[in-house]
Amino acid sequence: PRLDTSCCFIFIMHALNKMSLNLMRQADHAVDFRSDTVTKPMPEMRQAMFEAEVGDDVMSEDPTINKLQERVATMFGKEAALLVPSGTMANLISVMSHCQGRAEEVILGDESHIILYEQGSLATIGGVHTRTVKNLADGSLDLREVEAKIRKQDDHFPTTRVICIENTHNNKGGKVVPLSFMKEVRELADKHGVQIHLDGARVMNAVCALQVDPEELGQYCHSISMCFSKGLAAPVGSVVIGSHDFIYRARRIRKGLGGGMRQAGVLAACALVALDKSVPRLQEDHDNAKQLAQGSVAKSSLRLVEPQLHNDPFTLCAHTLN
């Protein structure tokens, strides 16, 4: 006999509800390894939000945001910083601040986060031409290829303005790019009058793994983007870091992109807690990630192929176990 469609619908809904209940019952025993972006704000952050002094940040009058920006700029040895809603916006603002004219170009890795996961916004929104260089296994770039891709002065070509690097490198399994590479790429950039932007979404993981001060890493970059909403566990927010002139341009571009926030000190308060509470514990994240990898190898036929990891267990499982 023919089954009534309404009965089918009721049966399907019952099955889905039952499945959802089973998942909810298991939730207390689950560990979410999809990404370090699923971290949730700690109690100290929620309290800091409640107590935060606020003002209008578009008018530069939010004291908590100003405190965060000054602190982060000092950490990396730069003059100024700017709070923005996301890492994607931070990278877009940074490149647009470097590339102020028409027919200008950025050189970056073919597996960089900017190229793969930011909707091509440098071109579609920023009007900036991109030229890719192959990312090596450790997340760095072949500097001979980079130099070959820097444009000569010719009316037929766009003008190369900035080289983007990424540390840690997301698509290369969270690799920590060595300081020696950062030093060499800065020397190359200076030779050709080109700027360096660091996509540092997880730059504090690199600082931890390299066992250096942020300023030591920052000296090789003209601008840096840094996220608070990943392993640092704040709910929202990234910063752009650079010179006073650079941040002046960045602030104007942020406004045009709709990123100017008003009483956003409640978000900056979480970022300040992250610097005090989350950053000192990043080594624990690294150790736990390694322990997870080693335990997975011990319990299966998997093989550990790369021990150098950052704090993202999903990346660890996806990229280091073959």
* Structure fact -> Computed about the Cα centre, the charge dipole of the range 75-138 from +1 Lys/Arg and -1 Asp/Glu charges at the Cβ has a magnitude in debye, to the nearest 20, of 140
* Could you rank Y248, Y220 by how accessible they are, 1.4 Å probe, largest area first? => Y248, Y220
* What fraction of the DSSP beta bridges in the range 44-279 is antiparallel, stated in percent and rounded to the nearest 5? -> 35
* Structure fact -> Given backbone amide H placed at 1.01 Å from N, residues whose amide H is under 5 Å from that of N135, ignoring those fewer than 5 places away on the same chain, are D110, E111
* Can you run phi through the Karplus equation (6.51, -1.76, 1.60; θ = phi - 60°) for the range 94-100 and list ³J(HN,Hα) in whole Hz, with x for Gly and Pro? -> 4, 5, 5, 5, 7, 9, 8
* What is the sum of charges around P178, taking Lys and Arg as +1, Asp and Glu as -1, for the other residues whose C-beta is under 10 Å from the C-beta of P178? -> 0
* Structure fact -> SASA check, E215, accessible area w/ 1.4 Å probe, all protein chains in place, rounded to nearest 10 Å², comes out at 100
* **For G126, net neighbour charge (Lys/Arg +1, Asp/Glu -1) across residues whose Cβ lies under 12 Å away** => -1
* Structure fact -> Sorted largest first, the Cα spans of the range 44-279 on the principal axes come out in Å as 55, 37, 28
* **Å² per residue, accessible surface of the range 44-279 at 1.4 Å** => 42
* Asked: If you keep only loop residues by DSSP, which trypsin sites (Lys or Arg not before Pro) in the range 121-204 have at most 14 other Cβ atoms within 10 Å of their Cβ?
  -> K134, K152
* **Sum of side-chain charges, G260 neighbourhood, beta-carbon under 13 Å (Lys, Arg +1; Asp, Glu -1)** => +1
* So what is the relative contact order of the range 65-116, in percent, for Cα pairs below 8 Å that sit 6 or more residues apart? -> 21
* Which whole-number percent is the relative contact order of the range 44-279 (Cα, under 8 Å, 6+ apart)? -> 32
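The values are calculated or read from the model by the stated rules, or taken from the named source; none is laboratory data. It should be emphasised that the depicted structure is a prediction, and the values quoted were computed from it without experimental measurement. Virtual Cβ from ideal backbone geometry, glycine too; neighbours counted across all protein chains shown. When the accessible area is computed, the model is the full protein with side chains, heavy atoms only, and any ligands, DNA or RNA have been set aside. Shrake-Rupley method; radii C 1.70, N 1.55, O 1.52, S 1.80 Å.
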